[in-house]
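Reviewing the structure listed below.
The values are calculated or read from the model by the stated rules, or taken from the named source; none is laboratory data. Keep in mind that what you see is a predicted model, and the values were worked out from it rather than measured. When we count neighbours, we look across all protein chains shown, and the Cβ atoms used for this are built from the backbone with ideal geometry, even at glycine. Keep in mind that these areas ignore ligands, DNA and RNA; they rest on the heavy atoms of the full protein, side chains included. Shrake-Rupley method; radii C 1.70, N 1.55, O 1.52, S 1.80 Å.
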Amino acid sequence: MTLFAQHVLDGLQSGCIYASLALAIVLVFRGTGTLNFAQGEMAMVSTYLTWTLLDAGLPLVVALGSSIAISFVGGALIERMIMRPIAAKSANHLPVVVASIGLLLALNSFAQWVYGPDGRVLPSLFGDGTIRAGSLSFTSATVGALGVLVVVAAALRLLLNRTKVGLAMRAVAASQQSSRLVGIRVGRVLMAGWGLAAALGALAGALVAPTVTAFDSSLMQSVLVLAFAAATFGGFDSLPGAVIGGLVVGVLESLAAGYLTTDLKLPVAFVVILGFLLIRPTGLFGTPQVQRV
Amino acid sequence: MIARPSHRRLIAIATAVAAVATAAGCGSSTTGSGGNANPATGSSGASTSAKATGSAKVDPTTGIINAKYCHNTTDGVTSSTIKFGLSHPESGPSAITAKSAIGVKAYFDYANAELGGIKGHQLELVTKDDGAQAARTVQNVNQMLEQDHVFGFVLNQGTPNNLAIRDRLDAQCVPNLLLSTGSPKLASPIKHPFTLIANATYAAEVNAFVDYVAKVAPGAKIATISENSDFGKSYTVPMVKAAAKKGLTIATQQTYEPTDPNVTSQFTGIRGSKATALFIGAAALKCSQSLDAVAHAFKVIYLSANCTAKGIVSLAKPENTQGVLSESALMDPTNPANASNPNMKLYFAKMKKYAPKDDATQSTTSYGWTEAAILYDILKASPKLDRVDVMNTANHLTLPDNPGLLQAGVVWKTDTPSDDFPVESFRLQSWDSTAHRFTPMPDLISYEGQSAQFAG
Amino acid sequence: MTVRRVRAGLLTATIVALLSCLPLMVEPFEVERLASTICIAIAVLGLVVLTGWSGQISLGNGAFFGVGAYTTAILVARYGWPHLATLAIAAALGLALGALAGLPALRVTGIYLALVSLALATVFPSVVQHFASFTGGTQGLAVPAFSPWFSGVSPERWGYYVALVVAAALFLLVHDLGRSRVGRALRALRDSEPAAQAMGIPVAGYKVGAFALSGALAAIAGSLSVLVQPYPYLDPRSFTIVLSISLVTGLVVGGAGSVVGAAIAAVFLDRVPTFVTNVTHLDGSATNVFYGGLLILLMFVMPGGAVGLATGAWSRIKSLRAVPPPPVGTEPPSMLRQNSSNPLPDRETRQTERTP
């Protein structure tokens, strides 16, 4: 039983990673209806930025704060300079998806080029203690990451459901044309969505990097697919869904690795999610689609 | 509006026929010019046939390759140059190992400028990125043979990568020298005479670990963590054999996928197994992660030799790395005790001259330098710069004078078919987390002549 | 009409003849690369049917490619089958697996469907690894080469010609299909599923059918990719999600709805990264900065892909000369044209059952 509990705890640790990236993916998807393949690499570059600022002598909190701010601006600029012009010219989403794949390749390669293959250590915001409860153990970094995730998801939900900005974001997500008609500046709202997602990526990187000892440019590569899975499970336009989805994927994976074999853990996690999707085609909290002719 | 498929089908058939006809037509007219591009691939029909000719090629008692079966054996040698190829990961998570090419390049530059090249030929090196994918290694090797016209390969990296190109290089009689791997699978001189590994085998490392555990912690239970791949299996399989021989039990053998974000759940299994000695057979950042995930008192923690770059070990927290064991046959460039060694002095002086921008204290770079020095000695000992001669020399050679940065007492020796493992001795070393380097133990461990039996 | 047919036939024959002589002018290594370019073209052709026509995105066609490659490799290496016979088995297996992968499409749509295919791509290497005793696992699998039936032909050229013949047949077949009622039904499905249903198109059958055909084409491409190598070797790391994603990238760069686009896509995918490496003179780690940047730039310049750009330019020239538009039957299956009457349909109504 304790072993089972420990596997679940381990799963939550990986789950935090998936959930944090899934949140960012969902934010962009809600706003623009696009899958941003570069989300993970944007977060990775932000993490290098945090590390660079820390290395330059800034305190960790200040370094992270600046990195989040810079990432927000960077994300907004990517929307304005790259994604929006391409979307405006395209007949469907495919060119935007390909542009985001281009961005993925470019950012990953850029980080390898600038920082080389050596790993970098980013200290945890929550110290590096280990918490023990009976025979169970987990790191304070994991607990902190879980806490931050829940707080962020709740804050984003509040932002979307209780503020004017949030209302505008939801309106744009529902229909850009109608939003424009009621005087919402759609462009700014889209930029804000991408900016928020990028800022979230910077935070995610700072939470994830300490749990992997040292990070390199592959920090988010294997995470991306699982974050997509998490977002899908959660319903793709639901923020709490993304967090729950991430944790579920993490736990599924950990249990499959613990009780089956490591090489089957991905198949097991995906089969469970697929089975779930067949029962609920729009995920856990997803909005059912309305079909119009 | 409705397409008439019959017409289409007709055109399809017509074009297909046309294609074959044209192909046959232009084919027969140019076989003369195109045909000699790869006469050596006469046996290329199948890898099975390559195996058959492979055994006929080599005398099973002396291990000498019969030159009769090889063609174009001086490809890659011009009147003034000899060219070598090197395929390794320059991108992706394994890219940290690409620094060894810096050492090779520096040695080549030094040999060209100050030793007059090799037998009057300037050494050239072509490197290509394979991202650690075997299929890309195959492509790189094709391209380097046919476009760059290399003489042979040196320090090609990775176990699956070298297995992928082995049959082809055997069939074409192209030396694949000093592979950067310790997989005993790649040492089978009679079947595959053109392949020679560079490192002490992973199996020898495992035996050193087991012998040490049996000595300092008799009755210990062993846990291993390794990659879920053939690379990982080259530790875990000999471990079972070696532990049984010494009467030690294996508590658990955990594996991870290279794509796993962390190794937490594997260590949950290791902690649950109540093991007292840990063997980490990982690669790159997974080594650092494993060290940090330990957080549990083991009597012995051993880190496989390919994790020993200081850029990997020092990433883990100091309290988790103090006293961690590993193995090396090379002198550590960061150890002040080696500073007065003439070979070490030469290394630093020439690195400063020929690779001034690169960090000479990286153990991967000094490893590349050492292997290039060994390659130079092999070429020097070979009667001619001919692929068969070079390979016959490499397979029957003793280099007693510690080329490159080989430690005192380590003998580089091959004698096919009885010995296809050039490096079989090394020293254990333990990590000093205040000095950020390994301190070698005084005793030389020698498994000379035993490597072949270690493999499971 | 018949004049046009003859002209088209002659054009195709000329192209094929040119492609037939190409390997005689280059080194064996280049021949092998050209042959693998042909294989990639067939794989992208599968996506033209699935994504370009029926509007269902697949991030998993790399897995079907892998299934084809491993089918041939295992049958040849372990059971001694003749190479060409395995091509048929690979196609059948791809067809069946494609149909199976298409079944969720009846229930799950849009971005959720993309995940189904993504799962396939992610899981495939794990499965290969798990059945290591059969597939060779991470160590990979060496396969006997496909030796020529005639003497005097080098193995590289032989592989190339076989691939070329298969590709020519498949390209014509798919081109035909695109103009038949099947192609029109699939496009109707893409533009509006309820409308297609109302017109009496059996939506479910066509959806699954598109997946099946796409899977078969990808599997044939994978199988051929083994055939064309003079020293065939497979390892699961060649068939990861990266392959699937690059196929989609190629599809869009070539021109999503077009058969010709698939050929352009293959040349782009195979040549451009190497070209970038050679031009920039940088090591492997930096190459993708420029390749990725180029992809973004291309999407700026030609969101409709190369074919979209060409047809756009062509229609502009035509309108300058004030010639009436060509008869409907000759219209190339271009995505731009299909959607020109209905710009950004999915962005406005967020009907996510379209391509995400």
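Counting only alpha carbon atoms, the long axis of helix C:181-191 and the longest principal axis of chain C meet at about 70°. Across peptide B:229-235, the mean count of Cβ atoms from other chains lying within 10 Å of each residue's own Cβ comes to 3. Helix B:5-35 and the long axis of chain B differ in direction by around 80°, with both axes built from C-alpha atoms. Summarising the label geometry, the points placed 7 Å from Cα in the beta-carbon direction at B:SER79 and A:VAL61 lie 7.5 nm from one another. Interface between chains C and B: roughly 4300 Å² of accessible area buried, both sides summed (probe 1.4 Å, protein heavy atoms only). Take chain C with all the other protein chains still there, run a 1.4 Å probe, and you get 37 Å² of accessible area per residue. Rolling a 1.4 Å probe over the protein heavy atoms of the stretch C:157-311, with every protein chain left in place, gives an accessible area that is 73 percent carbon and sulfur.
Can you tell me how the stretch C:1-135 classifies by the Cα gyration tensor, rounded, prolate or oblate, using a/c under 1.5 as the rounded cut? Here the stretch C:1-135 falls in the oblate category.
I want the local charge near A:ARG188. Using Cβ-Cβ distances under 14 Å, sum +1 for each Lys or Arg and -1 for each Asp or Glu among the other residues. Net of charged neighbours comes to +4.
Computed from label points 7 Å out along Cα-Cβ, the spacing between A:ASP118 and C:VAL242 is 2.5 nm. At an R0 of 56 angstrom, the distance between the Cβ atoms of B:THR62 and C:LEU100 translates into a FRET efficiency of 0.50. Selection among A:PHE126, A:VAL28, A:LEU247 by position relative to the dipole of chain A gives A:VAL28 as farthest towards the positive end (Cβ unit charges, Cα centre). What the stretch B:293-357 shows is 45 Å² of accessible area per residue, with the surface traced by a 1.4 Å probe over protein heavy atoms. Summing charges over all other residues whose Cβ lies under 14 Å from the Cβ of A:ALA5, with Lys and Arg as +1 and Asp and Glu as -1, gives +1.
The angle separating the long axis of helix B:134-146 from the principal Cα axis of greatest extent in chain B is about 50 degrees.
With chain C treated as a Gaussian network of Cα nodes joined by springs under 10 Å, which of C:TYR291, C:TYR206, C:TYR161 yields the largest mean-square fluctuation? Maximum among the listed residues: C:TYR291. One Cα centroid belongs to the stretch C:252-315, the other to the stretch B:121-143; the line between them spans 25 Å. Charge dipole of the stretch C:168-282 (Cα centre as origin; +1 on each Lys and Arg Cβ, -1 on each Asp and Glu Cβ, all else neutral): 240 debye, rounded to the nearest 20. By DSSP, the beta bridges lying fully in the protein assembly as shown are antiparallel in about 45 percent of cases.
Result for chain C in a Gaussian network model with C-alpha springs under 10 Å: among C:TRP314, C:TRP158, C:TRP81, the largest mean-square fluctuation is at C:TRP314. The contact between chain C and chain A removes approximately 5400 Å² from the accessible area (both sides summed; 1.4 Å probe; ligands, DNA and RNA excluded). Each part gets one Cα centre, and for the stretch C:26-68 versus the stretch B:208-238 those centres are 44 Å apart. If both residues of a DSSP beta bridge must be in chain B, then about 35% of such bridges are antiparallel. Which FRET efficiency, nearest 0.05, do A:THR287 and B:GLN322 yield, Cβ-Cβ r, R0 60 Å? Taking R0 as 60 Å, the efficiency between A:THR287 and B:GLN322 is 0.65. The residues of chain A expose, per residue, 36 Å² of accessible area to a 1.4 Å probe. For a quick check, take a GNM of chain C with Cα springs below 10 Å and name the residue from C:VAL162, C:VAL289, C:VAL48 with the largest mean-square fluctuation. Ranking C:VAL162, C:VAL289, C:VAL48 by mean-square fluctuation puts C:VAL289 first.
Taking a ≥ b ≥ c as the square roots of the Cα gyration tensor eigenvalues, the protein assembly as shown comes out oblate, since a/c reaches at least 1.5 and a/b does not exceed b/c. Remark: spin-label model distance B:SER340-C:PHE300 equals 6.3 nm, labels positioned 7 Å along the Cα→Cβ axis.
Annotation: amide H of B:GLN253 within the under-5 Å range of B:THR224, sequence separation 5 or more or interchain, hydrogens built in the peptide plane.
Taking the protein heavy atoms of the stretch A:177-293 in the context of the full set of protein chains, the accessible area attributed to carbon and sulfur is 67 percent at 1.4 Å.
At an R0 of 56 angstrom, the distance between the Cβ atoms of A:LEU260 and C:ARG184 translates into a FRET efficiency of 0.75. Multiplying the residue separation of C:SER147 and C:TRP314 by 0.36 nm and removing their Cα-Cα distance gives an extension gain of 55.7 nm. The mean number of partner chain beta-carbon atoms within 10 angstrom of a residue's beta-carbon across peptide A:4-11 is 3.
Summing charges over neighbours of B:GLY120, with a neighbour being any other residue whose Cβ is under 13 Å away from its Cβ, gives +3 when K and R count +1 and D and E count -1. Scanning chain A for DSSP H helices at least 27 Å long along the axis (C-alpha atoms) with a Kyte-Doolittle mean no lower than 1.0 picks out A:2-32, A:94-115, A:140-162, A:186-208, A:239-259. Think of the stretch A:1-150 as having a plus end and a minus end, set by charges on the Cβ of Lys, Arg, Asp and Glu; of A:VAL61, A:THR139, A:VAL97, A:VAL97 sits farthest toward the positive end of this dipole. Per-residue mean of foreign Cβ neighbours for A:106-115 is 6 (Cβ atoms of other chains, 10 Å radius). The stretch B:324-398 and the stretch A:29-65 have Cα centres spaced 41 Å apart. Compute the Cα gyration tensor for the stretch A:159-293, then decide on rounded, prolate or oblate, letting a ≥ b ≥ c be the square roots of its eigenvalues: rounded whenever a/c is under 1.5, prolate when a/b is larger than b/c in the other cases, and oblate in all that remain. The shape class here is oblate.
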